[in-house]
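Structure first, then comments.
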Amino acid sequence: MSRASEVADRVARPRAEVTDSGVWPAEAFAALQEAGLAGLVAPGDVGGAGLGLRAVAEVCEALGAACASTAICFGMHCVATAVIAAKATPALRDEFLAPIAAGEHITTLALSEPGSGSHFWLPQTKISPDGDRFVIDGEKSFVTNGSHADSYVVSTVAAAAGSPVGQFSCVVVPAGSAGVEWLEGWEGIGMRGNSSRRVRLDLVGVPARCLLGEQGDQMWYVFEVVAPFFLMAMAGTYLGVAQAALDDAVAHLRSRRHAHSGRPLAEQPVLQHRLGVMWAQVQRTRALIYWAADEAERGGPQALASLTAAKAEVADCAVSVTNEAMTLVGGIGYRDRSPIERHLRDARAAHVMSPTTDILRGWTGRALLDVPLLSE
Ligand SMILES: Cc1cc2nc3c(=O)[nH]c(=O)nc-3n(C[C@H](O)[C@H](O)[C@H](O)COP(=O)(O)OP(=O)(O)OC[C@H]3O[C@@H](n4cnc5c(N)ncnc54)[C@H](O)[C@@H]3O)c2cc1C
């Protein structure tokens, strides 16, 4: 992970303020590609590193500590790469995975829709067979890397009358396909550089080879591939945000001295106590995240519960620690565009990005009870 930390420190961190002004992190992404990290989860036989959940969490943590927007952009590229790789045909390897591994192609995930919101597993975007191609029609929202990626992994539901109810499929839509129209830009309170945009897919034709797996496979993709990789990408990202806020708080407590006493804030027992609570929260969340990644990679019995719990816990951790860090840094941290202010805004997305914290807590309980995740 030293390459990820090097890119984070050399490129992402110095540009974090610019990225936070709403600029998609092109330089950081290019540096990640040059460092050979774009193929992190692409298979070895196309030139990728063939790594899994732990690696994604580690790289996203390193990036998230420097610039959360860069981390989420890279994380979504990894999730979409894993989806393409899961049942890759030779055509998908040549057209998408080899260029991804070579650092020449960015992909990303377009699952969410304005209609179904946080229920990202229930798309209303329609797919219809049309000769040797498919036609896609619908609208996607919150597409991270929106309008900057070279391809989009899109979820759809069968359009034809008489298709099995809920026959969902995933398909890769190359950027620039006729009928792809980007709508309003991203104006989130945080993650400002992630270009999480809305897109209209107006009868977009894609070659049949762009279908992922078999028709109707989407639920398999969502829960076997998207969920584990997404949860670890986000867990790493928000852990990095929490760590950055903790580091900023420590540095501030050490350096800030009052004129009337000449003593640093670091000597104040209440602040020492608060810092201890923050540190422990970050450390126990980190332990859960990496244990979850390892448990899932070895196919352990607690894999599902730990993955879902990890993202719920990191959301609590990031919001709480960034909020506490602002208390410790005080009015100096409360200034518009201070680093702590950015961490706090970025952290808040952790709860609302679906699966949201409420959804995840329910799923964790269901996993422990062997109840299907989507049961009522
Ligand atoms: C920064 C950012 C980046 C994103 N990137 C991507 C991306 O790259 N790709 C992608 O596909 N999506 C992405 N998303 C979308 C995200 O995953 C969610 O789909 C989206 O935030 C849902 O928002 P909504 O307001 O429509 O949620 P709603 O569905 O309206 O939910 C609002 C609230 O109600 C709760 N809720 C909803 N239904 C229930 C229920 N039945 N029971 C209890 N509570 C419920 C939710 O948990 C949530 O707290 C991104 C979102 C953000 C903020």
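Only the coordinates and a few stated rules stand behind these numbers; no lab work does. None of these values were measured; they are calculated from a predicted model. Every residue, glycine as well, gets a Cβ built from its backbone with ideal geometry; the counts of neighbours run over all protein chains shown.
Please sort 79-91, 129-141 by packing, taking for each peptide the average over its residues of neighbouring beta carbons within 10 angstrom, highest first.
79-91, 129-141
Once fully extended, how much extra length lies between residue 287 and residue 336, figured as 0.36 nm per residue of separation less the alpha-carbon to alpha-carbon distance?
That works out to 14.4 nm of additional length.
Once you keep just the Cα pairs under 8 angstrom separated by 6 or more residues, what percentage relative contact order results for region 313-356?
That works out to 46 percent.
Length gain on complete extension for the stretch residue 177 to residue 368, per 0.36 nm per residue less the alpha carbon to alpha carbon distance?
Gain on stretching residue 177 to residue 368: 64.4 nm.
In Å³ and rounded to a whole number, note down the convex hull volume per residue for the Cα atoms of region 2-106.
Cα convex hull per residue, to the nearest whole number: 79 Å³.
Where Rh is the Kirkwood radius over the Cα pairs of region 110-214, the temperature 25 °C and the viscosity 0.890 mPa s, what D in µm²/s does Stokes-Einstein return?
Here the translational diffusion coefficient equals 177 µm²/s.
Between residue 256 and residue 298, what's the calculated FRET efficiency when r is the beta-carbon distance and R0 is 41 Å? Round to 0.05.
Once rounded, the FRET efficiency stands at 0.35.
Any chance you could run the full-extension gain for residue 26 through residue 5? It's 0.36 nm times the residue separation minus the Cα-Cα distance, nm to one decimal.
So the extension gain works out to 5.8 nm.
Which residues does the label zone of residue 247 cover in region 62-79, counting backbone N under 12 Å from a point 7 Å along Cα→Cβ?
Only 62-68 pass the distance filter.
Quick check: pseudo-label points 7 Å beyond the Cα along Cα→Cβ at residue 133 and residue 358, how many nm apart are they?
Reported label-point gap for residue 133 and residue 358 is 4.2 nm.
Rank-order 211-219, 224-232, 143-151 by packing density, defined as the average count of other C-beta atoms within 10 Å over each peptide's residues, highest first.
224-232, 143-151, 211-219
What is the local net charge at residue 190, summed over the other residues whose Cβ is closer than 10 Å to its Cβ (Lys, Arg +1; Asp, Glu -1)?
+1
By per-residue mean of other Cβ atoms within 10 Å, what is the highest-first order of 306-317, 188-199, 50-61?
My ranking of the peptides, most packed first, is 306-317, 50-61, 188-199.
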